[in-house]
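The values are calculated or read from the model by the stated rules, or taken from the named source; none is laboratory data. All figures in this text were calculated on a predicted structure; none of them were measured in a lab. FYI the Cβ positions are ideal-geometry reconstructions off the backbone, even for glycines, and counts take in every protein chain you see.
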């Protein structure tokens, strides 16, 4: 049989078609991220009264996120999903369920490594300290590969058991009734251990991180193939529940990894003891070398930690001279700017010593920007390591094991290239744009409800002329001194003069920039309420625009023949995410142990699951995973860690976990209400027919 002739399309027409197609795809991503970005920027400018720092870098990063996500998703649909569905169609015909489960395990691990949101976890350890939370620090900094593999193993087991569900058409409820009590029991036990209690928030957050744009479509594509091949596709619930398993098993994986590492991990100790020479053996279990330990003392420790590390006063003073040196400073501070270090880490004594050393030198730089080229280079390498193994696994199974080949090979190859390029651009954008933006909003957020002034920075004025200091008198006769200081726009403002900060010999004055309470010292509760309103709006607004949720709502409306409306699903899930973010922020603000929030929430959810129909139970449990995508997770994590860092909370995790459980709760309640209405309508119809 002769092959049909290829259709010839003129070059200009082809370019026009490609451009129109790309424009639609990019517009979809812009629409999905526009609200949350504008919401954060508007809050920072209007409420926090600050423009975004490094605005050009952040803007470029957000643009990269939009472009990268468009490329990545297009590559996913063109390349990875067709491979997954083709493998899923043929695997049950050639292999037994044990082989299918084994392949599902490998697929889950590979898909997790390719999740863009996993990149957010690599940035999450920056506020964690090895002396307060040594096990958490070890997982996030020293043993990151083991953390990712434990998450991947959890997703792998979820996919393996999900294939069992697809193959035999098993309900999701038995899995929930077994897994959730096991997880809650582990959480309760771990909360009593001084090391294990600090990994609970991270573990529960990973359940939301894993259910992203790679894992969910790819696993569902394979699951649909298995269901069709096994003849179990008739049930409407067969396609739901796999996301729920992929949200629960990773939590078990991280908790098990933490339990395994716990025995060889040092116990929490004060910072001075951790950095002392006598504790050096234990400290070196968490860091690579003494140079890294020295950097940690400066970037995360206090004066006592630094003095303990050096032991001798002369060595300590020599290190402070390095901090004052513009060229050598990065050896100790890394990417942390001198201004940030002076405000957040340095003591009054250290600030004075550094100021004296910098006398006559150029002023300190502002907030340092990331090296964009270096970030993109590193993320390109990580994208290659993430996508290529997944592709090789699918191709190996299809070509070698099943002796088949993918259809439309050119499209598949193009899709793989799109996925590689898209993931590199996307994760670079997360590091350059989303992560910094979330931190910039989260870190100053506590200022909204502070009842006291908050130090924001220090300015060295040199040479300072005492003749510029003026005197003012109050009506009661109190005397105060002040001088005029120009802001960035050149407008002079009166600022108080403190004689203790003036070095007469060096003619140098250190001015402390302070932010007064935004709403006055008596309006703290209003400030806290504003923080909660902000968290709810961020969760609700960003979820309404989530493409995965829109797809879920459309699927539910189709399967229920219009009984459950798409809009109802979207608004119900969005309500749950908003409530979840409020609970997560409250956990950080009030240092609430996560077990106090998880236990009652999941117990209520399990009870509601019992009264829900199988179809809606799977839909509700899946809704907790589709909301935490590659845009929401980095922003929420960065915001939580920023708040935690500003309030000196041990860790800022737990927000994603709350944003995952509350949508399940609201959807189950919505489903029960829908069922009750259906019964009432059916009963009313029966009575009408009986009267006739």
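Let's see how each residue does on (1) assigned to a loop (DSSP other than H, G, I, E, B); (2) within 17 Å of residue 111 (Cα to Cα); (3) under 32 Å from the mean Cα position of the chain (by Cα):
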| site | (1), (2), (3) |
| --- | --- |
| 385 | no, yes, yes |
| 390 | no, yes, yes |
| 393 | no, yes, yes |
| 399 | no, no, no |
| 407 | yes, no, no |
| 410 | no, no, no |
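If the requirement is being more than 30 Å from residue 66 (Cβ to Cβ), assigned by TED's automatic domain parsing to the domain that holds residue 162, surrounded by fewer than 22 Cβ atoms within 10 Å (Cβ to Cβ) and at pLDDT below 85, which of these qualifies: 231, 239?
231
Which members of region 560-570 meet the condition of being in a helix (DSSP H, G or I) and crowded, with 16+ Cβ neighbours inside 10 Å?
Across region 560-570, the qualifying residues are 566, 568, 569, 570.
Please determine, by comparing only the residues of region 316-333 that are more than 16 Å from residue 349 (Cβ to Cβ) and in a helix (DSSP H, G or I), which one is nearest to the chain's Cα centre (by Cα).
Result: 333.
Tally the residues that are more than 33 Å from the chain's Cα centre (by Cα) and modelled with pLDDT of 90 or more, restricting the search to region 282-312.
3
Out of 9, 30, 45, report the one residue that is free of Cβ contacts under 8 Å to residues at least 60 places away in the same chain, farther than 30 Å from residue 389 by Cβ and touching a helix residue (DSSP H, G or I) at 6+ places or on another chain (Cβ under 7 Å).
It is 30.
With a cut-off of at least 1 residues that are modelled with pLDDT of 80 or more and in contact with a helix residue (DSSP H, G or I) (Cβ under 8 Å, 6 or more places away or on another chain), name the helices (runs of 4 or more DSSP H) lying wholly within region 571-686.
Where helices (runs of 4 or more DSSP H) fall fully within region 571-686 and carry at least 1 residues being modelled with pLDDT of 80 or more and in contact with a helix residue (DSSP H, G or I) (Cβ under 8 Å, 6 or more places away or on another chain), they are 594-610, 614-626.
Kindly check whether there is at least one residue in region 498-517 that is at pLDDT 80 or above, at negative phi and in a strand (DSSP E or B).
The answer is yes, given that some residue of region 498-517 is at pLDDT 80 or above, at negative phi and in a strand (DSSP E or B).
Would you please name the residue that is modelled with the lowest pLDDT, looking only at residues in region 168-179 that are surrounded by fewer than 20 Cβ atoms within 10 Å (Cβ to Cβ) and not in a loop (DSSP other than H, G, I, E, B)?
In this case the residue turns out to be 168.
Do you know which residues across region 477-494 are more than 20 Å from residue 355 (Cα to Cα) and part of a strand (DSSP E or B)?
Once the filter is applied, which keeps residues that are more than 20 Å from residue 355 (Cα to Cα) and part of a strand (DSSP E or B), region 477-494 yields 479, 480, 481, 482, 483, 484, 486, 492, 493, 494.
Just wondering, is there one or more residues in region 456-464 that are farther than 27 Å from residue 337 by Cβ, at pLDDT 80 or above and in contact with a strand residue (DSSP E or B) (Cβ under 6 Å, 6 or more places away or on another chain)?
The answer is no, given that none of the residues of region 456-464 is farther than 27 Å from residue 337 by Cβ, at pLDDT 80 or above and in contact with a strand residue (DSSP E or B) (Cβ under 6 Å, 6 or more places away or on another chain).
Could you list, in sequence order, all residues of region 370-379 that are touching a residue at least 12 places away in the same chain (Cβ under 8 Å), part of a helix (DSSP H, G or I) and within 20 Å of the chain's Cα centre (by Cα)?
Residues satisfying the conditions are 375, 376, 379.
So which residues in region 33-61 are part of a helix (DSSP H, G or I) and more than 20 Å from the chain's Cα centre (by Cα), if there are any at all?
Once the filter is applied, which keeps residues that are part of a helix (DSSP H, G or I) and more than 20 Å from the chain's Cα centre (by Cα), region 33-61 yields 42, 45, 46, 47, 55, 56.
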